[in-house]
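What follows is one structure encoded as structure tokens, with my remarks underneath.
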Amino acid sequence: MIQLGISAFYHDAAACIVKDGKVIAAVEEERFTEIKHDDRFPTNAINWCMNEAGIDDLNSIDEVCWYEDPKVKKDRVLTTFNKHFFTSLKNRIKFLINYYFNSPKRLLKNNYEYTGKVNYISHHLSHAAFSYYTSPYKEAAILTVDGVGEWETITISHAFEDRIVKKLSINFPHSLGMLYSTVTAFLGFKPNEGEYKVMGLAPFGNPDKYFKQLDSIFTRTSNKFTIDQKYFTWEYSDKIMFNIEFCHLLKLPPRFKEEPITQDHKDLAAALQKVYEKEFSRLVKISKRTYVLEEAVPITE
């Protein structure tokens with residue numbers, strides 16, 4: 001079994017070749033284009049992987065695996081846009097155009113005349129599978145935390161032998177990853193790139209100054225949480241992730257990237273890190289507790 005894995009159109013597009021469960025070649029597109037976090041369809045990465053694996057014709061492989069399910073993602077995007085019909089109209093049109101012209105099957109056929117099988121894998125299952133199948137463990141509890149993948153932002157799974165069984169999930173817009181990226185943007189850094197800068201600022205701040213404000217947006221149950229959306233624009237904007245209510249909550253204006261970093265910015269970074277770690281630690285405990293449950297619905301065989 002020879003498989004080509006591809007990710008693209010969000011950040012860090014990449015490709016890999018897997019033969020009988022072993023990775024033969026893997027690389028990101030930015031290695032060839034020298035464009036940081038290049039998210040375009042990874043033609044260069046695919047070509048390099050094929051060359052490394054000694055594959056001349058893409059149709060000679062058994063299947064292509066795409067890192068998410070486009071139809072499920074479309075359902076989430078359009079369902080969300082429908083809640084904000086007029087404010088999301090431009091983004092709706094943009095999404096539908098990209099959905100058609102950037103279809104994996106369409107791009108593979110146009111670039112490689114590929115007519116074989118394309119297997120769409122749940123985004124969080126892709127994360128879970130990578131961590132489990134490359135680990136030395138025969139059984140494990142798996143926690144995935146991301147911005148958003150199709151609908152899910154967090155999953156907890158039980159892995160054993162060659163199976164991964166999902167036991168719990170939290171759906172968009174309730175997302176730890178989106179919250180971290182939002183504060184990254186609020187502090188004047190680029191989301192999906194500058195989060196490490198926020199993490200680096202955190203040790204220089206006092207988390208207590210903004211902790212209560214950030215923590216107040218969460219409503220927690222025994223196994224899950226929700227995030228109050230009145231402070232955020234995640235459901236209808238792909239540019240500005242927060243609104244004026246978030247500024248009022250913090251009693252702090254957003255930082256422009258050319259402005260100096262103040263102690264307030266360091267304190268906010270520290271508070272975000274503390275809130276994130278608090279919720280992440282709770283999710284780890286839930287994962288451990290959920291791990292031993294008997295009932296589960298398999299998501300892969």
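Quick check for me: using +1 on Lys/Arg Cβ and -1 on Asp/Glu Cβ, what's the dipole size of the chain about its Cα centre, in debye to the nearest 20? Write down the numbers at each step before the final one.
On the way: 39 positive and 40 negative charges, 221 e Å.
It works out to roughly 1060 debye.
Restricting to Cα pairs below 8 Å that are 6+ residues apart, what does the relative contact order work out to for segment 2-121? Please round to a whole percent.
Values: 180 pairs, mean separation 29.6, N = 120.
Rounded, it is 25 percent for segment 2-121.
Residue by residue, what Karplus-based ³J(HN,Hα) values in Hz, rounded to whole numbers, does segment 224-235 have, using 6.51, -1.76 and 1.60 with θ = phi - 60° and x for Gly and Pro?
These are the phi-based 3J(HN,Hα) values: 9, 8, 10, 10, 5, 7, 5, 9, 10, 10, 4, 7 Hz.
Across all directions of projection, what mean area in square nanometres is found for the Cα convex hull of segment 2-121? Don't skip to the answer; put the middle values down first.
Numbers: hull surface 31.1 nm².
Result: a mean projected hull area of 7.8 nm².
Using the per-residue mean of other Cβ atoms lying within 10 Å as a proxy for protection, in what order, highest first, do the peptides 133-141, 29-37 fall?
On the way: 133-141: 11.9, 29-37: 14.3.
The packing order, highest mean first, is 29-37, 133-141.
Just to check I understand the Karplus step: with θ = phi - 60° and J = 6.51 cos²θ - 1.76 cosθ + 1.60, what whole-Hz values come out for segment 76-84, glycine and proline as x?
Once θ is set to phi - 60°, the couplings for segment 76-84 become 5, 4, 6, 4, 5, 4, 5, 6, 9 Hz.
Quick query: amide H of D39 versus all other amide H atoms, modeled in the peptide plane; which residues come in under 5 Å with a sequence gap of 5 or more or a different chain?
Those lying under 5 Å, H to H, from D39 are D12, A13.
Looking at segment 2-121, what % of its DSSP beta bridges pair antiparallel, to the nearest 5? Could the numbers behind the result be given before it?
On the way: 12 of 20 bridges.
Of those bridges, close to 60 percent are antiparallel.
Go through 270-279, 163-172 and give me the packing order, highest mean Cβ count within 10 Å leading.
On the way: 270-279: 20.1, 163-172: 18.2.
The peptides rank, most packed first, as 270-279, 163-172.
For segment 194-206, in order, what is each residue's ³J(HN,Hα) by Karplus, 6.51 cos²θ - 1.76 cosθ + 1.60 with θ = phi - 60°, in whole Hz (x at glycine and Pro)?
x, 4, 5, 5, 5, 4, x, 6, 3, x, 8, x, 9
Is there a pair in K109/K239; K90/K239; K73/K117; K212/K251; K36/K239 whose C-alpha atoms are over 22 Å apart, and which pairs would that be?
Check vs 22 Å cut-off fails for K109/K239.
Checking the cross-link filter: which aspartates and glutamates have an alpha carbon closer than 16 Å to that of K94, excluding same-chain neighbours under 8 positions apart?
D75, E235, D238
Could you tell me the center-to-center distance, by alpha carbons, between segment 224-269 and segment 138-169 in angstrom?
Using only Cα atoms to place each centre, the spacing works out to 29 Å.
Quick one: helix 176-186 against the long Cα principal axis of the chain, what's the angle to the nearest 10°, folded into 0 to 90?
60
By how many degrees, between 0 and 90 and to the nearest 10, does the Cα long axis of helix 89-101 differ from the longest principal axis of the chain?
Approximately 20 degrees, to the nearest 10.
Normalising by the residue count of the chain, find the relative contact order in percent from Cα pairs under 8 Å and 6+ residues apart. Mind dumping the intermediate values first?
Numbers: 496 pairs, mean separation 43.8, N = 301.
Relative contact order, the chain: 15 percent.
Quick check on segment 197-276: take the gyration tensor over C-alpha atoms, sort the square-rooted eigenvalues as a ≥ b ≥ c, and tell me if it's rounded (a/c under 1.5), prolate or oblate.
On the way: a/c = 1.93, a/b = 1.21, b/c = 1.59.
Taking the square roots of the gyration eigenvalues as a ≥ b ≥ c, segment 197-276 is oblate.
If the viscosity is 0.890 mPa s and the temperature 25 °C, what translational diffusion coefficient in µm²/s does Stokes-Einstein give for the chain when Rh comes from Kirkwood over Cα pairs?
Values: Rh = 21.0 Å.
The estimated diffusion coefficient comes to 117 µm²/s.
Taking amide H positions as placed in the peptide plane 1.01 Å from N, state which residues far from E63 in sequence (5 or more) or on other chains have amide H under 5 Å from it.
I2, L4
Any read-out appearing in this document is the output of simple, stated calculations on the displayed coordinates, not a laboratory observation. In this text the structure is predicted, and so the values were computed from the model without any measurement. Here the Cβ is made from the backbone with ideal geometry for all residues, glycine too, and neighbour counts use every protein chain on show.
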